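Visitor: Pasting a structure below so you can have a look.
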Amino acid sequence: MSKRALITGVTGQDGSYLAEHLLAQGYQVWGLMRGQANPRKSRISRLVSELSFVDGDLMDQASLVSALDHVQPDEVYNLGAISFVPMSWQQPELVTEINGAGVLRMLEAIRMVSGLNTSRSTRSGGIRFYQASSSEMFGKVAETPQRESTQFHPRSPYGVAKAYGHFITRNYRESFNMYGVSGILFNHESPRRGAEFVTRKISLAVAQIKLGLQDKLALGNLDAVRDWGFAGDYVKAMHLMLQQDEPGDYVIGTGVMHSVRDAVRIAFDAVGLDWEDHVVIDPSLVRPAEVETLCADSSMARAALDWAPTVKFEELMQMMVESDLQQASRTRDYGELLAAADSW
Ligand code: GDR
């Protein structure tokens with residue numbers, strides 16, 4: 001019988017790649033869908049047609065219990081979150097509720113439907129749980145590169161909420177013998193990345209500038225350094241983590257550092273333009289407390305999961321620019337570019 005998976009945050013970049021990956025592995029896949037007539041539902045349905053949906057919300061404990069009852073999943077992937085870090089200074093309480101307490105609600109729902117009430121519960125046969133932890137938990141880094149044992153020093157309400165989700169997952173594993181793991185994923189991008197994140201903001205702007213539809217690109221801190229990988233590679237690590245005999249937490253990244261300035265240069269180079277003619281600095285985009293540099297040490301995942309990234313940063317930026325150029329050119333042919341740009 002095929003395995004069943006439930007994904008929260010299925011309409012996001014990672015949700016879409018993970019759903020495709022699990023369907024290709026023969027899983028039946030459900031996405032938890034929030035709200036009535038959610039416009040993102042039709043978009044993900046067009047992208048991943050074999051996906052099923054179940055109603056539920058990480059803010060609503062009872063809805064999670066009914067969703068689990070309905071789907072009877074073998075695996076739950078909790079990718080649902082407010083994922084744009086600056087949003088967490090504007091609405092810190094909401095971000096804490098969804099990214100932090102939301103994890104607790106899902107763990108409690110799993111505990112309730114699985115009847116895990118004592119520390120003597122057996123692990124076999126229970127629902128396996130994946131928590132989307134983040135390199136933002138490392139924040140002001142205590143060592144470079146960062147590994148599973150590196151101390152957390154989050155620099156945003158987002159990072160603090162993710163640290164709560166991380167520790168509560170570990171706590172349920174230790175308290176109730178639940179099979180719960182956290183993937184500490186470093187930045188991961190793709191042509192499906194939201195337009196607010198820096199790589200996609202750059203690739204979209206480069207495409208528009210190349211086509212003569214825009215001239216300037218405003219950015220914040222060009223010196224920030226990240227370890228950027230391809231989202232399609234990273235969802236495979238999520239799945240592998242839940243296939244191990246024993247649950248554990250893993251750092252996932254490439255181990256290669258680049259600055260935002262590098263990202264800009266590579267993207268403009270890809271279309272034969274000089275970034276210095278187009279990029280302007282907007283101080284309002286600089287964050288109140290910045291994470292200056294991140295770099296993953298994924299040796300544990302590479303050894304235990306036999307996982308490795310396959311796409312280099314240069315290829316990733318070029319892939320994103322190419323995809324946005326195609327989309328922008330196509331849209332221009334139909335005279336709908338402005339409307340499409342708004343919806344990006
Ligand atoms: P991040 O991703 O916050 O690292 O979190 P983002 O792409 O937003 O920022 C990366 C770095 O670029 C700098 N930067 C800018 N960022 C944005 N968005 N817009 C700008 O104009 C700009 N200029 C400079 C930022 O200051 C930052 O240093 C991502 C998210 O996916 C999280 O959900 C996830 O947990 C982590 O990656 C791992």
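The values are calculated or read from the model by the stated rules, or taken from the named source; none is laboratory data. Note that this is a predicted model, so its numbers are computed, not measured. Heads up, the Cβs are rebuilt from the backbone with ideal geometry, glycines too, and the neighbour counts pull from every protein chain shown. For accessibility, only protein heavy atoms count, side chains too; no ligands or nucleic acids. Shrake-Rupley method; radii C 1.70, N 1.55, O 1.52, S 1.80 Å.
Visitor: Restricting segment 152-181 to residues that are within 12 Å of the ligand (Cβ to nearest atom) and outside any helix (DSSP H, G or I), which is farthest from residue 100 (Cα to Cα)?
Guide: If we take residues in segment 152-181 being within 12 Å of the ligand (Cβ to nearest atom) and outside any helix (DSSP H, G or I), then 155 is farthest from residue 100 (Cα to Cα).
Visitor: Go through 195, 263 for me and flag whichever is within 15 Å of the ligand (Cβ to nearest atom), open to solvent by less than 20 Å² (accessible area, probe 1.4 Å) and farther than 17 Å from residue 301 by Cα.
Guide: 263
Visitor: Only one of 111, 128, 120, 105 is open to solvent by 60 Å² or more (accessible area, probe 1.4 Å), among the basic types (Lys, Arg) and either closer than 19 Å to residue 7 by Cα or modelled with pLDDT of 95 or more (or both). Can you tell me which?
Guide: That would be 128, the only listed residue that is open to solvent by 60 Å² or more (accessible area, probe 1.4 Å), among the basic types (Lys, Arg) and either closer than 19 Å to residue 7 by Cα or modelled with pLDDT of 95 or more (or both).
Visitor: Exactly one condition in (1) surrounded by 14 or more Cβ atoms within 10 Å (Cβ to Cβ); (2) outside any loop (DSSP other than H, G, I, E, B) is not met by residue 73; state its number.
Guide: Looking at each condition in turn, residue 73 falls short on (2).
Visitor: So which residues in segment 291-330 are away from the ligand (no atom under 15 Å from the Cβ), open to solvent by less than 50 Å² (accessible area, probe 1.4 Å), over 23 Å from residue 246 (Cα atoms) and of a type outside the set (S, T, N, Q)?
Guide: Of everything in segment 291-330, those that are away from the ligand (no atom under 15 Å from the Cβ), open to solvent by less than 50 Å² (accessible area, probe 1.4 Å), over 23 Å from residue 246 (Cα atoms) and of a type outside the set (S, T, N, Q) turn out to be 311, 321, 324, 325, 328.
Visitor: Sort through 208, 243, 214 and tell me the only one that's open to solvent by less than 30 Å² (accessible area, probe 1.4 Å) and polar (S, T, N, Q).
Guide: Only one candidate passes the filter, namely 208.
Visitor: In segment 39-54, what count of residues is obtained for those that are touching a strand residue (DSSP E or B) at 6+ places or on another chain (Cβ under 9 Å) and within 24 Å of residue 102 (Cβ to Cβ)?
Guide: Result for segment 39-54: 9.
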